[in-house]
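A.B. asks: Below is the structure I would like to discuss, written out as structure tokens.
Coordinate-derived values only; no laboratory data. The shown structure was predicted, so the numbers you read here are calculated from the model rather than taken from an experiment. Cβ atoms come from the backbone with ideal geometry, glycine included; neighbour counts cover every protein chain shown.
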Amino acid sequence: MWNVFLFVFPSLIIGIFFGYLVRLLIAKYRLNSAEQERKRILEDALREAETRKKEILLEAKAKEIEERKQLDRDFKERNFELQQAQKRLVQKEDTLDKRMESLERKEKELDDEEKEFKQRSEELKKAYEKHLRELERVAQMTAAEAKQQLMNEMIDEAKNDSLGTIRKIEDEARDQGEMKAREIIVSAIQRNAAEVTAERTISTVTLPNDEMKGRIIGREGRNIRAFESIAGVDLIIDDTPEVVIISSFDPYRREIAKQALEKLIVDGRIHPARIEEMIVKIEKDMAQEMVEAGKQACMDLKVNLPRELYPYIGRLKYRTSYGQNVYNHSVEVANLAGMLAGELKSNIDQAKIGGLLHDIGKGIKTTGEGVHSTVGAEVAHKYGMPDNVVNAIASHHGEVEAKYVEAAIVAAADAISAARPGARRESFEDYLKRLQNLEAIANSFEGIEKAYAIQAGREIRVFVASDSVTDDRAIIIAKDIAKRIETEMKYPGQIKVTLIREKRVVEYAK
């Protein structure tokens, strides 16, 4: 056993040694292979890096060449533009030189005219002195009387000489101005058409049957009294079948009452507590509806306004003026003002805002204190509207001077909207009064034979005595009548003054 051990143990040791030696040789071989592989990879990487470096250098050179070419092109373009600008400057200098020469010629002509005027003034002065002496000799007048007569003659002569020139200038200005104004106004009106709601003071509610009238009246009239006191309207229940009439001069209160009564009829429960509850609910719904209406108007016009102004705008839905719904009128004026501002190169948005807000005072003013334009301007100023918008609201009826272009545009748009055919209607009494005032103003002038208001008060036709009024005097009378009408009357749109002077000769052949 021991011999076997002595034989096996050395053999095992030798085997382990040889195994370790073999593994060491294998590891060394692998290490040499890895080292060679590392060198090969490093050499490949160096070659690839060198190749990439060359490629990058080539790309950089190509890019540099391209940038140089682009810079050359840009330089040439800039140089060309500079040359063109220099040419334009030279041309402008030539134009300015020509204008300077023209101004110098005109200045010289004005100097010559001034000299001629002075010369004529001297001649007139001499003629005046000669005429004065002749008057004193022939008429045996005092110097003061002769001077007054001469002044009157010279004034009449100057008027006669200037009337022809004035008439020619006015005709030319009128033709050009009317043509341009007509184009702008007609364009604005054609692009903005709106229907008109007739002004009413009553609303009708249809009943399902006549028995409902008794329920609306209630025991001893308590329901109808409660409804009238809470809603602030009058209920008229007569013999008309299945109809109840709501009467009120306040369209807002009338609308609330109408909606409340219709809902009460559908609900069937009609008693004072339910009436008050329903009216309060309708008022809340109407308040929200007014906010939405104001918001919708701003969205339609594409303008931005503070949310606090929405209720003021929406309330105009329940206001009318001469039969024209003020909400629709305000939107129409805003559209017209924006179009006119666009034509006149003014601020379109602020003109629209001024047109939309110009009548908000009508939805606020409930007492007799202050005019709606002043009240509306105060509200607009309170919520931070620009000065030109506030001035447009305050001045659109002439109570305040228009200080901005937008103010004049809003006033013109308001007049266009109010004066277009069918926009408004007035009471018969006001209509007759306006016609009578027109004829009275015309007949108050000397030399008027008769005057007639025609075209529903849009024109006054005046006949003058041909023997006592000359053609030139007729022009002055027409202007004076127009000024009196502008000063003493209030009217929408404009009034045409037509003065007629004719000579009629009648003979009979016997």
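A.B. asks: Tell me, what is the Rg over Rh of the range 268-359, with Rh the Kirkwood radius over Cα pairs? Don't jump to the answer; show the numbers that get you there.
C.D. replies: Numbers: Rg = 16.9 Å, Rh = 14.5 Å.
In the range 268-359, Rg relative to Rh is 1.16.
A.B. asks: What are the lysines whose alpha-carbon lies under 21 Å from the alpha-carbon of Lys39, with same-chain residues fewer than 8 places away excluded?
C.D. replies: Within reach: Lys28, Lys53.
A.B. asks: Would you mind listing how long the range 307-419 runs along its three principal axes, going by Cα atoms, in whole Å with the largest first?
C.D. replies: 38, 28, 28
A.B. asks: Additional query: Can you work out the FRET efficiency for the pair Lys39 and Ile65, with r the C-beta to C-beta distance and R0 = 56 Å, to the nearest 0.05?
C.D. replies: Working: r = 39 Å, r/R0 = 0.69.
It comes out at approximately 0.90.
A.B. asks: Also, I was wondering about something else. From the backbone phi of the range 398-413, what are the Karplus-calculated ³J(HN,Hα) couplings (6.51 cos²θ - 1.76 cosθ + 1.60, θ = phi - 60°) in whole Hz, Gly and Pro given as x?
C.D. replies: So the J values, rounded to whole Hz, are x, 5, 10, 5, 7, 9, 10, 4, 4, 5, 5, 5, 5, 4, 5, 5.
A.B. asks: If you don't mind, there's one more thing I want to ask. In what order do Val405, Val331, Val506, Val389 fall by count of nearby beta-carbon atoms within 10 Å, going from fewest to most? Intermediate values should be presented prior to the final figure.
C.D. replies: Details: Val405 18, Val331 23, Val506 4, Val389 28.
Lowest count first: Val506, Val405, Val331, Val389.
A.B. asks: Something else now. Which order results if His372, His397 are arranged by neighbouring Cβ count within 10 Å, fewest first?
C.D. replies: Working: His372 21, His397 17.
Placing the least packed residue first, the sequence is His397, His372.
A.B. asks: Could you give me the percent of Cα pairs per 5 Å distance bin for the range 202-301, shortest bin first, beginning at zero and ending with the bin that holds the maximum distance?
C.D. replies: Histogramming the range 202-301 at 5 Å steps yields 2, 13, 23, 24, 17, 8, 6, 4, 2, 1, 0 percent.
A.B. asks: Follow-up. With respect to the cross-link table entries Lys213/Lys258; Lys403/Lys483; Lys263/Lys284; Lys258/Lys362; Lys295/Lys403, which display a Cα-Cα separation exceeding 18 Å?
C.D. replies: Values: Lys213/Lys258 15 Å; Lys403/Lys483 22 Å; Lys263/Lys284 15 Å; Lys258/Lys362 22 Å; Lys295/Lys403 29 Å.
Pairs exceeding 18 Å: Lys403/Lys483; Lys258/Lys362; Lys295/Lys403.
A.B. asks: Still on this model: From the P(r) of the range 10-92, could you give the percentage of C-alpha pairs in the tail past 22 Å? Don't jump to the answer; show the numbers that get you there.
C.D. replies: Working: 2328 of 3403 pairs.
More than 22 Å apart: 68 percent of the Cα pairs in the range 10-92.
A.B. asks: I would also like to ask the following. Which of the lysines could be linked to Lys479 by a straight reach, that is with a Cα gap under 20 Å, when you skip same-chain ones fewer than 8 residues away?
C.D. replies: Answer for Lys479, where 20 Å is the Cα cut-off: Lys159, Lys168, Lys450, Lys490, Lys496, listed by chain and number.
A.B. asks: Give the long-range amide H neighbours of Leu499: residues separated by 5 or more places, or on another chain, with amide H under 5 Å away, using H modelled in the peptide plane at 1.01 Å from N.
C.D. replies: Those lying under 5 Å, H to H, from Leu499 are Val462.
A.B. asks: So, by mean Cβ neighbours within 10 angstrom, what's the order for 102-113, 210-221 with the highest one leading?
C.D. replies: Working: 102-113: 10.1, 210-221: 14.0.
Order by mean packing, descending: 210-221, 102-113.
A.B. asks: Relative to the Cα centre, what is the charge dipole magnitude of the range 229-321, using +1 at the beta carbon of each Lys and Arg, -1 at the beta carbon of each Asp and Glu, and rounding to the nearest 20 debye?
C.D. replies: With only Lys, Arg, Asp and Glu charged at Cβ, the dipole is about 460 debye.
A.B. asks: Hey, can you grab everything whose amide H is under 5 Å from the amide H of His396? Only 5+ residues off in sequence or another chain; H modelled, so Pro and N-termini drop out.
C.D. replies: Answer set, sorted by chain and number: none.
A.B. asks: Can you pull a Stokes-Einstein diffusion coefficient for the range 428-501 at 25 °C (0.890 mPa s), Rh from Kirkwood over Cα pairs, as a whole number of µm²/s?
C.D. replies: Translational diffusion coefficient: 199 µm²/s.
A.B. asks: A further question on this structure: Would you mind getting me the FRET efficiency between Glu486 and Phe463? Use the beta-carbon distance for r and R0 = 22 Å, nearest 0.05.
C.D. replies: Values: r = 22 Å, r/R0 = 0.98.
Here the calculated transfer efficiency is 0.50.
A.B. asks: Can you list the HN-Hα couplings for the range 249-257, worked out from phi with the Karplus curve (6.51, -1.76, 1.60; θ = phi - 60°), rounded to whole Hz and with x for Gly and Pro?
C.D. replies: So the Karplus estimates, Gly and Pro as x, are 7, 9, x, 5, 5, 5, 5, 4, 5 Hz.
A.B. asks: With a point put 7 Å past each Cα toward its Cβ, work out how far Thr240 is from Arg78 in nm, to one decimal.
C.D. replies: My value for the distance between the label points is 8.4 nm.
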